[in-house]
Amino acid sequence: MQDWESEEPLFIESAHGVFLKGRDGKTYYDGNSSMWLNVHGHGRPEINQAIVDQLGKAAHTTLLGLTHEPAARLAERLVEIAPKCHTADPNRELSRVFYSDDGSTAVEVALKMAYQYWKQSDPDGERTHYLALSEGYHGDTIGAVSVGKIGRFHSIFQPLLFPVDFVDSPGGCPTADGAILPLKAALQQNPGKYFAFILEPRVQLAGGILVQPDGYLKQVRALCDEYGVLLIADEVATGFGRTGTMFACEKEGIAPDFLCLGKGITGGYLPLAATLTTPQVYSAFLADYTEWKSFTHGHSYTGNPLACAAALASLDLFKQDDLIHALSSKIDHLTLSLQRFLALDHVCEIRQCGMVAGIVLTKDKTQGLEYSATDAIGPHICRQARELGLITRSLGSVITLVPPLVSTIAEIDAMLNILYEAIRNGTRSREELPID
Ligand code: PLP
């Protein structure tokens with residue numbers, strides 16, 4: 001906060017394609033997709049027009065006790081594209097959609113629904129806890145914070161949080177068989193204790209771009225089935241193409257019991273979120289009025305029609321631009337191009353999952369020394385990158401690059417060139433600082 005106060009804030013005046021235009025007259029690459037949201041570029045006429053058309057009809061009407069066409073049509077489309085159940089059991093397909101308004105609320109909905117599901121379908125059950133991954137991040141509301149475990153974001157709120165057991169992050173583990181052991185042990189030791197297991201599938205972003213080994217997710221699904229634990233896939237960040245398929249779960253051919261969506265759902269234009277679940281879960285909330293089994297949860301702007309219209313236009317653009325197909329060559333190019341960063345004196349590791357990259361910095365490669373908080377290396381490098389025309393963010397000493405999915409190979413190269421310069425020069429200028 002002190003740094004924010006002491007620096008001149010950058011006002012963004014307009015945004016087009018992969019560029020942000022500042023009030024300082026400069027143009028910047030949007031190297032973090034405006035916080036992992038932007039899919040088709042800024043100012044796409046098709047999405048703008050869809051919002052304008054809807055604005056001519058209604059800006060907002062509630063989904064509490066009513067509905068509207070954009071919400072109904074979008075629900076249908078989401079169900080069509082949702083990951084398909086590995087058992088082909090219609091009762092376990094993601095065919096029910098509950099709207100809210102941002103990623104955190106999508107997660108809150110899944111957590112509360114899982115809890116209420118068990119209370120109503122197994123009233124004598126003895127489940128008391130959720131299960132989650134260390135280094136996980138699921139949003140900033142208290143439920144989402146409870147199932148998150150990143151010290152600098154979460155630890156101060158500890159006394160306010162509900163009971164959650166954490167298992168080690170699979171990030172960086174070379175094999176799925178090794179990565180799965182902590183989850184297996186927790187379930188073996190405590191069968192019947194958990195409402196649900198929540199994870200960011202394939203990659204934990206905020207935890208430092210921690211990539212899971214192939215096959216981990218499939219084993220997670222199998223274990224949750226074996227122990228009767230609901231699986232919540234938080235695809236708020238990974239959904240809508242970010243990892244190279246429409247949803248990360250698709251890569252391992254599994255469907256969760258809850259799928260949390262946000263961020264890219266509207267192409268990154270307006271706030272909207274959805275939690276998809278199965279008929280199995282849905283049916284536990286059906287009962288006579290007097291039994292009061294419905295899910296009493298609703299936000300004022302839940303399923304906003306302008307946002308739903310933007311989301312429908314975004315899904316049309318996925319088809320029109322054949323975006324998912326186009327991603328594979330961009331991802332391969334990113335993988336190859338990132339390798340040269342390893343030659344830099346202070347880069348010790350590259351992490352990548354689809355169109356998400358993390359460049360890990362180290363104070364001294366030969367001695368394996370990490371940067372300390374006083375080096376503030378992440379913000380320092382991002383400041384350098386901004387000077388050179390790229391907006392991006394750091395997670396500790398991991399510098400991230402999360403370009404809009406629409407970025408061309410030439411644009412990705414331009415972003416990488418800036419980042420390379422920023423890291424080379426920025427780490428050199430930090431070399432005067434003593435090693436502590
Ligand atoms: N879940 C994941 C995996 C996220 O990365 C985020 C945000 O970064 C959220 C949930 C929270 O989303 P929002 O910021 O829209 O509340």
From the helices alone, meaning DSSP H stretches of at least four residues, give me the mean residue ellipticity at 222 nm for the chain, per-run term -39500 (n - 2.57), in deg cm²/dmol to the nearest 500.
-10500 deg cm²/dmol
What are the residues whose amide H is under 5 Å from the amide H of TYR371, where those residues sit 5 or more places off or on another chain and H is modelled from the backbone?
LYS363
Tell me, what is a quarter of the convex hull surface for the C-alpha atoms of the stretch 245-383, in nm² with one decimal?
14.0
So which lysines pass the test for LYS251, namely a Cα distance under 17 Å, with those fewer than 8 places away in the same chain ruled out?
LYS84, LYS218
Phi to ³J(HN,Hα) by Karplus 6.51 cos²θ - 1.76 cosθ + 1.60 over the stretch 273-281, Hz, x for Gly, Pro
8, 9, 10, 9, 9, 9, x, 4, 6
Heavy atoms of PHE11 accessible to a 1.4 Å probe, total area in Å² rounded to 10
100
Per residue of the stretch 22-35, what does 6.51 cos²θ - 1.76 cosθ + 1.60 with θ = phi - 60° give for ³J(HN,Hα)? Whole Hz please, x for Gly and Pro, Karplus curve as stated.
x, 5, 6, x, 8, 10, 10, 6, 8, x, 10, 6, 6, 6
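Tell me, what is the percent relative contact order of the stretch 1-117, built from C-alpha pairs under 8 Å that lie six or more residues apart?
Details: 63 pairs, mean separation 13.7, N = 117.
So the answer I get is 12 percent.
When the Kirkwood radius is taken over all Cα pairs of the stretch 60-163, what Stokes-Einstein diffusion coefficient follows at 37 °C and 0.692 mPa s, in µm²/s? Could you put the intermediate results ahead of the total?
Numbers: Rh = 16.2 Å.
Translational diffusion coefficient: 202 µm²/s.
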Using the basic label-point model (7 angstrom from Cα toward the beta carbon), what is the PHE153 to GLN49 distance in nanometres?
3.8
Note, the stretch 337-353: 3J(HN,Hα) by Karplus (6.51, -1.76, 1.60, θ = phi - 60°), whole Hz, Gly/Pro = x, goes 5, 6, 4, 5, 5, 5, 6, 6, 4, 10, 9, 10, 7, 10, 10, 8, 9
Go ahead and run the numbers for FRET between PHE11 and LEU388, Cβ-Cβ distance against an R0 of 22 Å, rounding to 0.05.
0.70
What is the chain's relative contact order, in percent, from Cα pairs under 8 angstrom and six or more apart in sequence?
21
When the accessible area of the stretch 52-320 is split by element with a 1.4 Å probe, what percent falls to carbon and sulfur?
55
Pull up the cross-link candidates among the lysines for LYS149, meaning alpha carbon to alpha carbon under 20 Å and not fewer than 8 places away within one chain.
LYS112, LYS184, LYS193
What angle, in degrees between 0 and 90 and rounded to the nearest 10, separates the Cα long axis of helix 377-388 from the longest principal axis of the Cα atoms of the chain?
70
Selected from GLY426, GLY368, GLY264 as most flexible by GNM, with the chain as the system and alpha-carbon contacts under 10 Å
GLY368
Could you pull out every residue, at least 5 positions away or on a different chain, whose amide H is within less than 5 Å of the one on THR238? Hs are placed 1.01 Å off N in the peptide plane, and Pro or chain starts have none.
none
Keeping every protein chain present and rolling a 1.4 Å probe, give me the accessible area per residue for the chain in Å².
44
Rank-order 283-292, 236-245 by packing density, defined as the average count of other C-beta atoms within 10 Å over each peptide's residues, highest first.
236-245, 283-292
Amide H neighbours of GLY136 under 5 Å, at least 5 residues apart or on other chains, H built in the peptide plane: list them.
LYS149
Probe radius 1.4 Å, ligands and nucleic acids left out: which of HIS16, HIS40, HIS333 has the largest accessible area, and how do the rest follow?
HIS16, HIS333, HIS40
Give me the three principal axis extents of the stretch 128-258 from the C-alpha atoms, as integers in angstrom, largest value leading.
37, 31, 26
Once Rh is set to the Kirkwood radius over Cα pairs, what Stokes-Einstein translational diffusion coefficient, in µm²/s, holds for the chain at a temperature of 10 °C and a viscosity of 1.306 mPa s?
70
Let me cross-check PHE295: its accessible surface, 1.4 Å probe, with only protein heavy atoms counted, in Å² to the nearest 10?
30
As a test, work out the antiparallel percent of DSSP beta bridges whose residues both lie in the chain, rounded to the nearest 5.
65
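The values are calculated or read from the model by the stated rules, or taken from the named source; none is laboratory data. Because the structure is predicted, anything quoted here is derived from the model rather than measured. Here Cβ is always computed from backbone atoms with ideal geometry, including for glycine, and neighbour counts include all displayed protein chains. All accessible areas refer to the heavy atoms of the entire protein, side chains included, with ligands and DNA or RNA removed. Shrake-Rupley method; radii C 1.70, N 1.55, O 1.52, S 1.80 Å.
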